[in-house]
Structure formats: C-alpha cells, structure tokens
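Right, one structure below, let's go through it.
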Amino acid sequence: MPTLDDILEQIGEFDFFQKRTLFFLCLLSATFVPIYVGIFFLGFTPEHHCRSPGMAELSQQCGWSLEEQLNHTVPEWGSHGASFSSRCRRYKVDWNTTGISCTDPLGSIVGNQSTVPLGPCQHGWVYDTPGTSIVTEYNLVCEDSWKLDFFQSCVNAGFFIGSMSIGYIADRFGRKLCLLITVLINAASGVLMAFAPSYSWTVVFRLIQGLVSKGSWLTGYVLIAEFVGSSYRRAVGIIYQLAFSVGLLVLTALAYVLRQWRWLQFTVTLPNFFFLLYYWCLPESPRWLIAQKQNDKAIEVIKHIAKGNKKKLPCSFQNLSSEDEDGEKLKPSFLDLVRTPQIRKHTFILMYSWFTSSVLYQGLIMHLGIASGNMYLDFLYSALVEFPAAFILMLTLDRIGRRYPWAAANVMAGGACLITALVPDTVYWLKMTAACLGRMGITMSYEIICVVNPELYPTFLRNLGVLVCSSMCDLGGIITPFLVYRLAELWHELPLVVFAVISLIDGGLVLLLPEMKGKPLPETIEDAENLHR
C-alpha cells in the first residue's frame, strides 16, 4: 500500500493548499516574537537617578540641563558617568535650603566638609524616557534590579516546562487541538498581563505565556512539515523561521509607536485571537492520523488537500500504510541518548550548541538594551541581518553541507562579539557593524541546529532527541538575563567576552559531528552509529 509521501507526489507536495497553510502558520510564527524577545522593549531600563526633593525646582531656577543636574545629584557622574551603584545613591543634603549657589550647589550647602555623606534612594527615581516599561512602573532598579532578570527567566522556565508537556499533548491528542488550546491560553494570559495590577501578577501571566507559547510555535513548525513532501521540509522550515524575523521588524515598529508597555503588550497579543479561526482553516495532520491508525480520517484530510490543490486522488491510492507498519515499534528511552558512543557524542554536542545559540541570541538582544544609542534603530539593524542569514543557508546547506557553515557561523558570532567588546564607543559604526555580524552568525547557527538535530537520531528516537537537546536552549534562556545584567555591572562589555568564548568553543565542537549532506535519515541505532563512516 502507498505511503503518505507517495500520495503527496500525486496530489501536490507543495501546491496551493500547502502554500496557504504555510502562510497561516507563518503568521503564528511572527507573533511568537514579542514573547521571546519582548523583554527588550517591555523591560527597557532607561537612564535613571535618585529623586532628590527640591532639585527639580532648583534646576529650573538655575537653568540647568539634565546633564548639569546629574553632575550635582548623582555621585561620580561627572568623573566617569553614572555606574550602576552610583545611580542607586544620593547626596544626603536638603536641596530645599535657601541661598544655594547655582555654580557650586554642594559647596554652598556642606561648607568646608571634605566629603558629602551618601544615602540610599528614599523618594523614588527619575527616569529619562518619554514612555514606560515594567522597569519604570515597578521601579525594577538598584536593589530590585534582579526582578527584571527573574521576569525574563520565568518566561524561559515556562518554555522549558511547556515544550515538554505541549509536545506530549501534540503527540497524544493531535496537532490541531494542541495548537488551538495553546493559542487560546496565550491570548488570554497576554491580555491579562496588559492589565496586571502588580509586578507579581505580571510575572504570573508572563509565565503562563511561556508555558504555552513555545509549544504552540513548535506545533506549528511540526504541522507545516507534516503537510508537505519530504523534499520541501527544509525549505518550509527556513521560511517558517524567516517569518519570525519579519515579526522582529513589526515589533520594532509597534514599540516605536506605542511607548507605553501596557498598550504594546495588549496590541501584540490581539492577533492570537484571530488564530482561533484556524479551527475552520486547518485540518489535522494526516501523518499524525496515520500514526494513530485513524486511516479513514487521514483519507478525508488527504482528499481535502487534493481538492485545495485542484487535483483528484487516484483510486489506487485510497488505502494507506505507514512506513513502520511491518516493523516492530520501538519505544524510545532517555538512556538511548547516551547508551552508545556516537549517539552519546551527538547528544552532548547538540545540547551545548542549543545552549550556546540561546545564550548568544537572547544575550545580544538584551545587551543592546543596556547599550548607548537609539535602541529602536539598533534593534532594527540587528534584526535585518537575519534575512541574509536565511538566504545564505538556502544556498549553502545542500551544496557545501552542514558542518562547515555551522562552524563558520559560530566563529563569526564569537569573533564579532569580541570585536564589539574591544572597539571603543567613539567608533560607533564599527561597533554596530560587528554587533550585526554577531547577530547574523548566531541566527545562522540557530537555524542550522534546527535542521541538523533531527538528522542525527534514528527514527524512533528522533522526537525525544530533539526535545531533550533543545531543552538546553530554554536552560540557557533562564540564566541569560542574570549573565547579561549582572556581568555588565562589573564591566559593560564583559557579557560579550563570555559570549565570544562559548561561541568559539561551539565552533570547534560542531566539526566533530558527522556530515549529513546527501545522506538518508538513520532508521536504527546502528545507522546512527555509522554516520561518521
């Protein structure tokens, strides 16, 4: 009996129905952006300093600019700029005192004292920004700055837990049902977050979004791959990820227009309610139905696909078989990932590569948020480089192979991070160019690992292998906020040096993996063990 791939060759492997479905699911991919990298705008930390009672009136009286005001109120500002610690202290003086000199205000208050006592901020902070973020609303600075790290870590913790549980639900109850449920929960929690009354509730709703959003994105990825013929899976996978890059541009434009974080959160969440209409637009995956022995339903879906492609299903293709119908069904276990030497090597290298890709991708975005310059233009420039990255992969993966472009992408990302760290801020064009090349390199690495990971495991172990290895991506996302924001307190460019080291190591490790260009997917453990030969 024919398999589904045989039938797709007759009714269209990538025709009108599949192209329409890809368009629908690409919209879903683009809306995952605000959850994955939305912290850049929602959690933006503007320039800030302690609020000093009376200083605003004195500044107006003396005609001081903001810089002059900061020179007088923020310790160490005039010598080398406000460090993280200096912005959390203030001079313990009364600015409401009469007779303060506009040329030497501190001297006129403290007299002949050699030092001015310092104290903590007791009256809040002043933020130099026209908009709001969760940082400015909940004062997540100074001793509470860790709460911003915790906020983003909760999202990634949700990714970590949700990708496993949602993956099981999708395999157990179907792709379509899983997609619709996760979309509904994501939409509801996103709107509730926009109206959250406190920091705690904001974290709770963001965690819920994390629990379902990545699982929803992965389900969409799997669904489109299961609708097309085998020769088109790599192309639709790259296009699906390219839609994520388009979402980055849309998010930048929305964030520029909507400077209030609650309005931004509400706006980027609304499209998720539109995706509930997919109940009538998308059928269940025929491959999943066949795997569940629901061949009658699978035939109905196949006829729907044929009708969408304006083709007829031949009478000889009315019966279906699965590829593993005649073989013994093997049950995967976690031990299979480390039991044999080659698969064990693949597992550990892939886990490190997922971890590296996540840390660099999210870390570079977060580091942009604490760098000087126009954050909207910086984010836009770094997002635009993802498009040539995808184009380069389409040209090279099936011509050169996987390993060398992968290693080159990691080396480019690591080297660019190192250059960005060492180039002074005065050479802005070179610093920004290096940062964009780093973003391009890690984007290529991210997309290559999505292709390579499934290719290195036998069929019965493939889903589990991808699941376990990619979980390191979420683990990396959990620690990245602490890595970026806390190391930057020691030296602003220190996170970039750390990124460079781990990326260069990854560039060497991926060369130890077998080349998969032109090779069939392994079916058994023995096949996977012999890939390096």
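Per residue, the chain exposes 44 Å² of solvent-accessible protein surface, assessed with a 1.4 angstrom probe and all protein chains in place.
The modelled label-to-label distance between LEU521 and LEU313, using points 7 Å beyond Cα along the C-beta direction, is 2.2 nm. When the alpha carbon gyration tensor of region 176-298 is reduced to an equivalent ellipsoid, the three semi-axes, largest first, read 31, 18, 11 Å.
Computed over region 377-461, the range of Cα coordinates on each principal axis works out to 54, 23, 21 Å, biggest value leading.
Simple spin-label estimate for TRP201 and VAL427 gives 5.1 nm between the two label positions (7 Å along the Cα-to-Cβ direction from each Cα).
The mean of 1/r over all pairs of different alpha-carbon atoms in region 413-533, once inverted, gives a Kirkwood hydrodynamic radius of 16.5 Å.
Amide H contacts of TRP125 (H built 1.01 Å from N, in plane; Pro and chain starts excluded): ARG51 sit under 5 Å, all sequence-distant by 5 or more or on other chains. Could you tell me what % of all Cα pairs in region 176-235 have separations over 15 Å? Looking at region 176-235, the distances longer than 15 Å represent 55 percent of pairs. In whole percents, the pair-distance distribution calculated for region 195-267 from its alpha-carbon pairs, binned every 5 Å from zero, is 3, 13, 16, 17, 19, 14, 9, 6, 3, 1, 0. Take the Cα of LEU254, step 7 Å toward its Cβ, do the same at SER230, and the gap between the two points is 3.9 nm.
Seen from ASN530, the other residues with C-beta closer than 12 Å to its C-beta sum to a net charge of -2, counting Lys and Arg as +1 and Asp and Glu as -1.
Counting charges near GLY158 (Lys, Arg +1; Asp, Glu -1) among other residues having Cβ under 9 Å from its Cβ returns a value of +1. Run a plain Debye calculation on the chain (Cα atoms as equal point scatterers, no solvent) and give log10 I(q)/I(0) at q = 0.09, 0.11 Å⁻¹, rounded to two decimals, same order as the q list. Each listed q corresponds, in turn, to -0.71, -0.99.
As a fraction of the 1.4 Å probe accessible area of the chain, surface on carbon and sulfur atoms comes out at 64 percent.
Suppose only helical runs count, i.e. DSSP H with n ≥ 4. What mean residue ellipticity at 222 nm does that imply for the chain under -39500 (n - 2.57) per run, divided by all residues and rounded to the nearest 500 deg cm²/dmol?
On the way: 26 runs with 351 residues, N = 533.
Calculated mean residue ellipticity at 222 nm is -21000 deg cm²/dmol.
Filter the cross-link list LYS19/LYS311; LYS176/LYS214; LYS303/LYS517; LYS176/LYS311; LYS19/LYS303 down to pairs whose alpha-carbon distance in this structure exceeds 26 Å. Among LYS19/LYS311; LYS176/LYS214; LYS303/LYS517; LYS176/LYS311; LYS19/LYS303, the Cα-Cα distance tops 26 Å for LYS303/LYS517.
For region 332-532, just run the numbers: alpha carbon Rg, then divide by 2.2 N^0.38 Å, N being how many residues it has.
1.07
Across region 50-62, coupling constants 3J(HN,Hα) worked out from phi with the 6.51/-1.76/1.60 Karplus curve, θ = phi - 60°, read 5, 6, 10, x, x, 5, 4, 5, 5, 4, 5, 5, 8 Hz, and Gly and Pro carry x.
Working from Cα pairs under 8 Å separated by at least six residues, relative contact order for region 409-503 is 40 percent. Placing unit charges on each Cβ (+1 for Lys and Arg, -1 for Asp and Glu) gives the chain a dipole about its Cα centre, and among ALA390, ALA170, ILE419 the Cα reaching farthest toward its positive end belongs to ALA170.
With an 8 Å cut-off on Cα pairs and a minimum separation of 6 or more residues, tell me the relative contact order of the chain in percent.
Values: 761 pairs, mean separation 103.3, N = 533.
Answer for the chain is 19 percent.
Under a 5 Å amide H cut-off, with hydrogens placed 1.01 Å from N, LYS517 pairs with ARG402 among residues at least 5 apart or on other chains.
The values are calculated or read from the model by the stated rules, or taken from the named source; none is laboratory data. Source: prediction; values computed, not measured. All Cβ positions, glycine included, derive from the backbone under ideal geometry; neighbour counts span all protein chains shown. Note: areas computed on protein heavy atoms with side chains; ligands, DNA, RNA excluded. Shrake-Rupley method; radii C 1.70, N 1.55, O 1.52, S 1.80 Å.
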